Every structure is written in structure tokens, then in C-alpha cells.
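Since every read-out is calculated from the coordinates, none of them should be taken as a lab result. In this text, all values refer to a predicted model and were calculated from it rather than measured experimentally. Ideal geometry is used to build each Cβ from the backbone, glycine not excepted, and the neighbour counts take in all protein chains shown.
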Amino acid sequence: MKKTWLLIVFMLVLVSAACSNSGTSGTSSSEGEESTGTVDKSKEIKIGYIPWDEDVAVTYLWKYLLEEKGYKVNATLADVAPVFTGVAQGSIDLFLDVWMPSTHSTYMEDYGKDLEVLGTWYDEADNGLAVPDYMDIQSIEEVKDLAGDLDSKIVGIEPGAGLMRLSREAMPEYGLEDWTLVESSTPAMLAELEKAVADQKPIVVTLWRPHWAFEAYNLRYLEDPQNMMNPNGIEELQSISRKGFADDYPEVAEWISNFKISLSDLATLESAIKDASDEMDGVEKWVSEHQDVADGWVE
């Protein structure tokens, strides 16, 4: 009986030691992953973005910078309405391209109470109807005279974009109520624009600044005497987050709150991405050439 009892105790000690070693081994593995840069799932950050070139640029810029700091970042492309909804509901952590006080004002009115504004990173943006410089017209007032040449169409972008709402509101004010504002996408609009410029044909498109297309295609805004495209003046580009993001990621929230970028840096970043095989390659090339600027954003 005594030998049996001693045998049971011995077996329990072996089991306990095995469990202890197993736990220690798991801890060591986790520490080993951390030391090699593997990011814990809890550090994953979701950024929603729209297909506007400046938003693509800053989204992938921050994806690159944050991943360099050990965070895992998912960048998800969507229309602007689902992005705002996602941030307000907490399924998206960040959106870095809110245009205020006009373009995205209706979305901020609907969702503003359910999200946080982290900061403004550019404050000289605007909207307009743009034409190639070889066209003779100077004002939106003159567009109605080109109904035959333009087939009574203005080439637009995503139907839910704030720029499209402003364009719809502007058209009746300039006698264009019978015209069609073509709903497409930003890439489709740019493709139409490129083709028209190559053939030196007339075209009117919805556009915004900052955007690389102005220099690439020698474009200009049509004058807007009734101030319909920027009813509240120059636009600011803001970053927003879900509620509680700054508590969960105080370091990231502070970096993005302090983030500013110059027009020249933004233009070269957009161009680097446009000319690269993919967004991350473009950002990596740009950062390598602007390392001091990038380091300043994540001090």
C-alpha cells in the first residue's frame, strides 16, 4: 500500500513538471516571436480608405510607417459612406481623408458624435470642375454652350462622394439641370480624362486639389462665380478614428494627430505610388528619399 501511494505521488510530480515545462516553453516561444518582430493580433489596426489619390497616399504611408514600428495594419478600400459607417460603428479604426467643412459635412453631421477627430494634416484643399488648358471656356457659366461638344455630360467619380453632391447642387445653378453627371469611379474618370487629352478633345471632370492630374494633363479649374463647389471656403483634410482608439493606441493617435505634409511632399508621394508596381513599393521608395521627413512623423 505504501509503495502504491509513493508511486502515485511520483507520477503526480512528473505530470506537474511536464505542465510547468510546457507553460515555460510557450512563454519562451512568445517572447521569441516578439523579439523577431512578429506582431501580436491585438495590435492590428484597420484603416479604411477611398480611391482618392491623396487618401491612397497617406493611407499606405501610415501603413508603412506603422508596420516599421511593429504594428500590423490592414488597409481596406471602400466607398466613403461605408468607411464613415465603419469608423462610427468601430469596425474601422482610422480614416485619414475627411474633407471639411464642405465635402464630407453631411457624413460628419450623421456620424460625428460616434467618432473622434484626431487632427488636420493639410489645410489648402479645394474642389472644382476642371478642363484641359486647350479648352477656351473659363467659367462654369460657359459649360452649357458646349452641350453638343460634350454630349451634355460632366464626367464624375463615385456616386457617394461629397464632390459629386456638390457638383449635383451646382449644376442647376449654372443652367445644367438637363445635363448628366456621369457616375463612375476615380480611376474611370482619370482614364476618360487621359484619353480626351491624348486626342485633344473637350471634357469637363469633377476634380479636387491636391491631385497629380493638374500637372500631368495641364488642367485648370473653371471659375465658380456662385461659389458652389467650395461653399464654405478652403477645405481641411482631417484624420478621424473610432471612439476609444486613442486609449487603445495612444502612441499612434499622437503621431497621426501631429501629422502634417507639404504640398510638394504629397505630390512626390502620389507620383511615387502612381509610378510603382504597387502602393507599398511606391511608399518605400519615397520614404527612402525623404527619411528625415518620415522619421519626424513617428518621433
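Between Pro101, Ala294, Thr180, the Cα set farthest toward the positive side of the dipole of the chain (charges on each charged residue's Cβ, about the Cα centre) is that of Ala294.
Efficiency by 1/(1 + (r/R0)^6): what FRET value for Ile234 and Ala276, r their Cβ-Cβ distance, R0 = 51 Å, to the nearest 0.05? If you can, show how the numbers build up before the last one.
Values: r = 30 Å, r/R0 = 0.59.
For Ile234 and Ala276, the calculated efficiency is 0.95.
Treating the Cα atoms of the range 125-221 as identical point scatterers in vacuum, please give the log10 of the normalised Debye intensity I(q)/I(0) at q = 0.17, 0.18, 0.19 Å⁻¹, two decimals. Result of the Debye calculation: -0.68, -0.78, -0.88.
Nearest 20 debye, what's the magnitude of the dipole of the range 66-177 about its Cα centre given +1 on Lys and Arg Cβ and -1 on Asp and Glu Cβ? Don't skip to the answer; put the middle values down first.
On the way: 7 positive and 23 negative charges, 103 e Å.
Dipole about the Cα centre, nearest 20: 500 debye.
In terms of packing, defined here as the mean over residues of other Cβ atoms within 10 angstrom, the peptides 206-217, 139-150 line up highest first as 206-217, 139-150. Go ahead and collect, in residue order, the members of the range 213-244 whose backbone nitrogen is under 18 Å from a label point 7 Å along the Cα-Cβ direction of Leu263. So the set is 213-224, 230, 233-238.
Stretched out fully, how many nm does the piece from Glu223 to Glu194 gain, at 0.36 nm a residue minus the Cα gap?
Working: separation 29, 0.36 × 29 = 10.44 nm, distance 2.20 nm.
Length gained between Glu223 and Glu194: 8.2 nm.
The charge dipole of the chain, taken about the Cα centre with unit charges on the Cβ atoms of Lys, Arg (+1) and Asp, Glu (-1), comes to about 1920 debye, rounded to the nearest 20.
Work from the charge dipole of the chain (Cβ charges, +1 for Lys and Arg, -1 for Asp and Glu, about the Cα centre) and give the residue of Pro159, Ala253, Ser271 farthest towards its positive end. Result: Ala253.
Rounded to the nearest 20, the size of the Cβ-charge dipole of the range 125-221 about its Cα centre is 260 debye, with Lys and Arg at +1 and Asp and Glu at -1.
Computed from backbone phi with θ = phi - 60° and the Karplus coefficients 6.51, -1.76 and 1.60, the 3J(HN,Hα) list for the range 152-166 is 6, 10, 10, 8, x, 10, 4, x, x, 5, x, 4, 5, 4, 5 Hz; x is used for glycine and proline. Extension gain, Leu77 to Glu289: 0.36 nm times the residue separation minus the Cα-Cα distance gives 73.6 nm. Across the chain, the convex hull enclosing all Cα atoms gives 172 Å³ per residue. Dividing the summed helix terms, -39500 (n - 2.57) for each DSSP H run of n ≥ 4, by the number of residues in the chain produces a 222 nm estimate of -14500 deg cm²/dmol to the nearest 500.
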